[in-house]
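The values are calculated or read from the model by the stated rules, or taken from the named source; none is laboratory data. The model shown is predicted, which means the values in this text are computed figures rather than measured ones. Here the Cβ is made from the backbone with ideal geometry for all residues, glycine too, and neighbour counts use every protein chain on show.
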Amino acid sequence: MRKLIGPKKVKTAVFISGTGSNLKNLIKFSKTKKSPILIDLIISSTNKARGLMYADRFDIKKKIVHFKSNENAEKKILLIMKKNKINFICLAGFMKILSENFINKFKGKIINIHPSLLPKYKGLNTHEKAIKNKERFSGCTVHFVTKKLDSGKIIMQKKVRITKKENSISLAKKILKQEHELYPAAIMKIFD
Ligand code: GRF
């Protein structure tokens with residue numbers, strides 16, 4: 001994809017709603033020479049997202065867009081994307097579901113990280129579900145975003161073992177660590 005866009009880094013926005021550990025990790029990655037993306041903008045669905053602190057720390061523009069009305073929120077975001085010439089979107093703990101209309105405007109240019117081995121355990125509480133089902137493995141997935149939740153084409157996955165003593169907190173921690181390796185690797189793969 002990079003060849004189509006040119007040698008310059010692709011202007012990217014990261015959408016968050018929470019802690020932002022993936023955001024922080026992606027910012028660090030985007031500053032490396034090999035990174036095909038440049039993180040230019042952070043969109044948060046709430047002003048309470050802890051991840052917003054990375055906007056100040058790394059001097060990146062941030063916009064908070066409340067989703068009281070999804071339609072208005074998306075209109076606002078689209079304008080912001082246009083104004084900032086954003087070409088690629090990484091969802092990282094973004095807790096809002098984007099409409100088909102929005103996704104179509106960025107076809108093949110929105111990706112997400114999900115804390116399970118998709119197609120297993122879409123949606124929320126993935127770790128609880130995996131443990132309850134006595135799975136031996138779980139993991140994380142980076143995938144393209146399509147209108148069907150957590151169902152777009154899988155780009156890359158990473159597996160972790162679920163031990164006998166595992167609880168959802170320990171599993172979440174273990175998977176998050178893998179997410180931080182997987183997300184940049186998946187981006188490299190897309191732009192290869
Ligand atoms: C991650 O587990 C990610 O897979 C999921 O939400 C969590 C976000 O964590 N979509 P963080 O905000 O990046 O720390």
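A few remarks follow.
- Some residue of region 6-14 being in contact with a Gly (Cβ under 9 Å, 6 or more places away or on another chain) and on the phi < 0 side of the Ramachandran plot: yes
- The listed residues are K61, K75, K109, and the only one of them that is away from the ligand (no atom under 15 Å from the Cβ) and without any contact (Cβ under 8 Å) to a residue 12 or more places away in the chain turns out to be K75.
- Subset of region 15-31 (residues that are near the ligand (Cβ under 9 Å from one of its atoms) and either over 14 Å from I111 (Cβ atoms) or among the β-branched types (V, I, T) (or both)): I16, S17, G18, T19, G20, S21, K24, N25
- Residue that is farthest from the ligand (Cβ to nearest atom) [pool: residues in region 45-58 that are of a type in the set (G, A, S) and either over 22 Å from N101 (Cβ atoms) or surrounded by fewer than 19 Cβ atoms within 10 Å (Cβ to Cβ) (or both)]: A55
- Which listed residue is within 11 Å of the ligand (Cβ to nearest atom), in a loop (DSSP other than H, G, I, E, B) and closer than 21 Å to N22 by Cα, from G123, G152: G123
- Restricting the first member to region 6-27 and to residues that are modelled with pLDDT of 95 or more, and the second to residues that are away from the ligand (no atom under 16 Å from the Cβ) and among the hydroxyl-bearing types (S, T, Y), the beta-carbon pairs closer than 7 Å and six or more apart or on different chains are K9/S35.
- Considering region 32-44, the residues that are away from the ligand (no atom under 12 Å from the Cβ) and of a type outside the set (D, E, K, R) include one that is surrounded by the fewest Cβ atoms within 10 Å (Cβ to Cβ), namely T32.
- Scanning region 126-143 for residues that are on the phi < 0 side of the Ramachandran plot and surrounded by fewer than 16 Cβ atoms within 10 Å (Cβ to Cβ), we see that the one that is farthest from the ligand (Cβ to nearest atom) is R136.
- Close Cβ contacts (under 8 Å, 6 or more residues apart or on different chains) running from residues in region 87-98 that are of a type in the set (D, E, K, R) to residues that are near the ligand (Cβ under 8 Å from one of its atoms) comprise K96/S17.
- Applying the criterion of being assigned to a strand (DSSP E or B) and over 17 Å from K107 (Cβ atoms) to the residues of region 155-192, the residue that is farthest from the chain's Cα centre (by Cα) is R161.
- Against the numbered list (1) within 15 Å of the ligand (Cβ to nearest atom); (2) surrounded by 20 or more Cβ atoms within 10 Å (Cβ to Cβ), F88 comes up short only at (1).
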